[in-house]
1. Of the conditions (1) within 10 Å of chain A (Cβ to nearest Cβ); (2) farther than 18 Å from residue B:171 by Cβ; (3) out of contact with any Asp or Glu (no Cβ under 7 Å at 6 or more places or on another chain), residue B:247 fails just one. Which one is it?
2. Just give me the residues in the stretch B:152-170 being of a type in the set (Asp, Glu) and open to solvent by less than 70 Å² (accessible area, probe 1.4 Å), in sequence order.
3. So if I check each of A:128, A:121, which one is within 12 Å of chain B (Cβ to nearest Cβ), outside any helix (DSSP H, G or I) and over 21 Å from the mean Cα position of the chain (by Cα)?
4. With the condition kept exactly as written, say whether any residue in the stretch A:160-178 is more than 7 Å from chain B (Cβ to nearest Cβ), part of a loop (DSSP other than H, G, I, E, B), among the small types (Gly, Ala, Ser) and open to solvent by 40 Å² or more (accessible area, probe 1.4 Å).
5. State whether one or more residues within the stretch B:234-241 are over 14 Å from residue B:90 (Cβ atoms), open to solvent by 10 Å² or more (accessible area, probe 1.4 Å) and assigned to a helix (DSSP H, G or I).
6. Hey, could you check the stretch B:171-183 for residues that are open to solvent by 10 Å² or more (accessible area, probe 1.4 Å) and assigned to a helix (DSSP H, G or I) and say which is farthest from the other protein chains (Cβ to nearest Cβ)?
7. Could you pull out the residue among B:100, B:116 that is free of Cβ contacts under 8 Å to residues at least 12 places away in the same chain, more than 8 Å from chain A (Cβ to nearest Cβ) and closer than 30 Å to residue A:37 by Cα?
8. Hey, any hits in the stretch B:262-270 for a residue that's at the interface with another protein chain (Cβ under 10 Å from one of its Cβ atoms) and touching a strand residue (DSSP E or B) at 6+ places or on another chain (Cβ under 9 Å)?
Amino acid sequence: MSEAKSMASPASSAGMVTADKFYQRASVRHALYITVMQILLLACSAVMLIPFVWLISTSLKIRGTEFTFPPVWIPRPAVWENYYTAFFASGLPFTRFLLNTTIITVASMVGTLFSSSLAGFGFARMRFPGRDKLFLLVLSTLMLPEIVTQIPSYLLFRLFGWIDTFLPLIVPTFLGGSAFNIFLFRQFFMSIPYELDEAARIDGAGTMQIYWRVIMPLSKPVLSTVAIFTFLASWNSFMGPLIYLNSLENMTLAVGLRAFQGLRGTEWNLMMAAAAVMMAPVLVVFFVAQRYFIQGIVTTGFGGR
Amino acid sequence: MSSQADSLRQAHGRTRSSFMRREAIEGFLCITPWLIGFVLFIAGPMLASVWLAMTDYEILLPIHFVGLDNFAKLGQDQLFWKSLWNTAVYTGLYVPLHLITALMAALLLNVRARGIQVYRVIFYVPSIMPAVATAFLWMWIFNPNYGLANGLLDLVGLPPQKWLFDETLAKPSFVIMALWGLGSAMLVFLAGLQGVDPLLYEAADIDGANFWTKFWQITLPMLTPVLFFNLIIGIIGSFQVFTTAYIATNGGPNNATLFYVLYIYNQGWKFAKMGYASALAWILFIIVLLLTLVQFKVANRWVYYETEKAK
């Protein structure tokens with residue numbers, strides 16, 4: 001904008017005042033544009049944030065006071081004890097739910113990182129008959145509605161006696177995990193120069209050593225991205241735990257929250273507190289690993305599902 | 001890559017075929033975990049569910065093969081048609097609104113303003129929240145007596161609504177709930193926007209184009225691949241809506257929000273009619289498959305890929 005102005009000055013000094021005025025108006029227009037955008041951004045962000053604010057606001061209300069109309073935004077007093085009550089004194093073993101969810105999530109992450117990276121490595125680096133057709137098969141499983149395979153899988157797990165254990169939620173992740181994780185790994189591995197593999201082979205490395213010592217250390221970005229998405233998928237998952245986890249001690253936060261509704265149905269202040277506690281770790285993980293989130297979304301277009 | 005691999009093989013002093021055989025075996029070993037998982041949890045179940053769909057399996061009762069009986073029953077099942085209708089209406093409402101809002105958000109978040117990263121985070125975070133938790137949150141927001149939604153209506157002088165308890169408003173309420181999660185589609189649009197060649201816009205500026213012209217003639221056409229992608233993902237996703245419906249309304253009021261997957265869940269796990277549920281699941285699969293195929297066919301007409309070869 002300033003170059004435009006300085007370009008205009010010789011013209012105006014030559015008597016073309018209109019050109020100068022044009023550039024002045026343009027910079028005013030630009031400033032106006034930016035201001036309008038800022039206002040829009042603020043307004044829309046506020047709309048997106050309102051539910052969160054309402055969540056916290058309700059969670060801090062004294063029992064009974066959430067039932068006011070019109071809605072009260074800032075509760076006085078703010079009862080932070082609600083969080084303690086919801087978690088420890090609710091009649092439900094929330095700490096147990098948290099532990100279960102953590103175990104299942106961590107195990108799923110390990111399983112996925114291992115099997116998906118291995119498969120991605122195979123599809124990216126190895127040559128074997130039918131490789132590309134098999135990869136198409138991998139991708140096609142993305143279009144499959146989960147429910148189609150869930151019914152027989154449930155019956156299969158019932159046969160194994162795995163109902164009401166964590167196994168149905170963990171074992172499949174060790175056996176390939178989700179297709180788009182394999183896709184992510186494959187794409188990333190294909191971008192690593194083959195010369196590195198070559199150099200390792202000349203030094204006598206076997207394939208597994210190449211995988212472990214050459215490719216993996218270079219794969220922090222994709223490992224982080226897949227780890228985050230797996231975390232999300234597992235932490236947030238509802239239908240799986242709903243179907244496979246029956247007894248209270250085995251439940252995850254997701255199903256536990258549902259049970260909470262049965263127990264304390266009308267105590268919205270506690271319900272919101274419990275919901276907030278379930279949401280918090282997701283926020284923390286997101287802020288810690290922001291960059292890889294965005295990277296992963298943009299590469300695959302999925303994310304968080 | 002083949003010449004590099006060939007020189008490698010020579011460097012190893014092995015014959016070409018033994019190296020290739022070794023590579024093939026190792027390759028297969030790498031994908032073996034996935035292969036096992038695919039057979040056990042995808043291909044196997046799919047075949048099994050075809051068979052299951054032709055039985056009257058109810059877990060604890062003896063099982064009988066009934067051929068295509070289940071599919072005949074489907075036709076008479078009021079709830080089947082109702083749940084299909086519910087899902088179709090929901091999808092028809094949600095997907096266009098979702099695409100439009102995500103695109104608008106992406107356009108907004110594409111400006112070079114101060115702190116734009118913060119705004120992007122704010123828009124994205126709702127989409128990664130656990131569905132259970134957001135279902136409860138929105139249940140509370142839509143509470144007919146004390147909820148925020150009616151509070152906002154009250155602010156502008158409109159009468160309170162029953163939202164999730166109102167037969168006509170229940171599905172739109174779900175749409176609103178789902179629209180809050182526009183974050184991931186928005187990011188995809190954002191990536192698409194940032195991939196548009198700025199030279200195109202500069203050329204348009206020189207020709208004196210205004211914002212709308214630039215949008216319709218440059219931005220939108222260049223975004224059609226991304227739009228297509230979000231469209232497919234959006235439809236596949238919205239056809240499988242389950243958690244929010246299970247938590248917030250459990251199908252009510254009067255089955256207005258009995259979405260298809262919820263109906264399958266009820267049949268399979270509430271009433272243990274696994275055979276019937278399998279038949280229902282396959283109908284869903286066929287519908288989704290057909291929808292996707294149709295869209296791919298139609299896509300040729302409206303999706304513009306920059307690297308398109310001349311036809």
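1. That leaves (2) as the condition not met.
2. B:166
3. Only one candidate passes the filter, namely A:128.
4. yes
5. no
6. B:171
7. B:100
8. no
The values are calculated or read from the model by the stated rules, or taken from the named source; none is laboratory data. Everything quoted here is computed from the prediction, not taken from an experiment. Cβ coordinates were reconstructed from backbone atoms using ideal geometry, including for glycine residues, and neighbour counts include every protein chain displayed. Note: accessible area is taken over every heavy atom of the protein model, side chains too, but ligands, DNA and RNA are not part of it. Shrake-Rupley method; radii C 1.70, N 1.55, O 1.52, S 1.80 Å.
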